[in-house]
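K.L.:
First the structure, then my questions, so here it is.
The values are calculated or read from the model by the stated rules, or taken from the named source; none is laboratory data. As the structure is a prediction and not an experimental result, all values here were calculated from the model. Backbone-built Cβ (ideal geometry, glycine too); neighbour counts: all protein chains shown.
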Amino acid sequence: MTGRETTAERHVLLAGGTSEAGWAVARRLRAGGVRVSVAGRSASKLEEFAAEGFETVQVDLADADAVDRAFARLDRLDGLFPLVGGWRGGGGIPGQSDDDWAALEVALTAVRHACRAAWPLLDVSPAARVAVVSSTAVARPLAGGANYAAMKAATEAWIHAVAHGFAKSARDAGRDQTGGCTIFRVKALAGLEQTIGARFAALWDADPSGASADIVTLEAPAG
């Protein structure tokens, strides 16, 4: 099942989606007839999305209770794309400070909260897709980015576990698996916003993977 049958009714939430990548993904999805909601903390940034006709959810994704309350108001959900991140690094192993770790950990926490709160709706969707943007540093961690690579690796592990959740839920219910997860690995997100939007929108064109997430490495276009 690819989910093509539900395009007009499909609802996708971009969690932390007020960035340039969020704009690219939101516009690409809407061009395909998908209903898009954007969640984030900044009222002013969300107002810009609302002015362009997108639904918005003001919430601090690091606040578990606030996320639970906000997501409980959603009527359905067929896609979740946490677009949270940030870079901290440098200084080799001695330079991997606890302050940097704490700052990076906020993004992992946001992914955990969003996936957990969205799960009941995603699990009953006829075609759920979850994706995150990770880093090529996971495959080749360097001393100056040890905190960053470790946090991205933890995020990937979480998304693999969500994929397993989809597989287990389908197996336990005796039905075909309809939910799947994808990890987009990039060296840097700048310049890849449109590519990310197109690749995320295309996830519904194929059957979901099994009990682990698909890993897709994206490279910035030459020139």
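K.L.:
Please state which of the following conditions ASP75 fails to meet, knowing it meets all the rest: (1) loosely packed, with under 14 Cβ neighbours inside 10 Å; (2) assigned to a loop (DSSP other than H, G, I, E, B); (3) in contact with a helix residue (DSSP H, G or I) (Cβ under 7 Å, 6 or more places away or on another chain).
P.N.:
Single failed check for ASP75: (3).
K.L.:
Pairs only if they're at least six apart or on different chains, beta carbon under 7 angstrom, first in region 180-194 and farther than 12 Å from ALA24 by Cβ, second of a type in the set (Ser, Thr, Tyr) and surrounded by 21 or more Cβ atoms within 10 Å (Cβ to Cβ); list them, first residue then second.
P.N.:
If the second residue must be of a type in the set (Ser, Thr, Tyr) and surrounded by 21 or more Cβ atoms within 10 Å (Cβ to Cβ), the pairs left are ILE183/SER134; PHE184/SER134; ARG185/SER134; ARG185/SER135; VAL186/SER135.
K.L.:
Same structure again: Using beta carbons and a limit of 7 Å, which pairs, at least six apart or on different chains, have the first residue in region 145-169 and under 22 Å from TRP101 (Cβ atoms) and the second one acidic (Asp, Glu) and surrounded by 17 or more Cβ atoms within 10 Å (Cβ to Cβ)?
P.N.:
Hits for this filter: ASN147/ASP100.
K.L.:
Are there any pairs, at least 6 apart or on different chains, whose C-beta atoms fall under 8 Å, with the first in region 46-66 and over 23 Å from ARG28 (Cβ atoms) and the second surrounded by fewer than 20 Cβ atoms within 10 Å (Cβ to Cβ) and among the hydroxyl-bearing types (Ser, Thr, Tyr), and if so, which?
P.N.:
Every condition considered, the pairs that remain are ALA62/THR109.
K.L.:
Does VAL84 satisfy the criteria of being without any contact (Cβ under 8 Å) to a residue 40 or more places away in the chain, outside any helix (DSSP H, G or I), in contact with a strand residue (DSSP E or B) (Cβ under 9 Å, 6 or more places away or on another chain) and surrounded by 19 or more Cβ atoms within 10 Å (Cβ to Cβ)?
P.N.:
Here the answer is no, as VAL84 does not meet what is asked.
K.L.:
Quick one: count up the residues across region 13-37 that are at positive phi and in contact with a helix residue (DSSP H, G or I) (Cβ under 7 Å, 6 or more places away or on another chain).
P.N.:
Residues flagged as at positive phi and in contact with a helix residue (DSSP H, G or I) (Cβ under 7 Å, 6 or more places away or on another chain) within region 13-37 amount to 1.
K.L.:
Further question on the same structure: From the list ALA15, ALA62, pick out the single residue that is in contact with a Phe, Trp or Tyr (Cβ under 9 Å, 6 or more places away or on another chain), of a type in the set (Gly, Ala, Ser) and at pLDDT 95 or above.
P.N.:
Only one candidate qualifies: ALA15.
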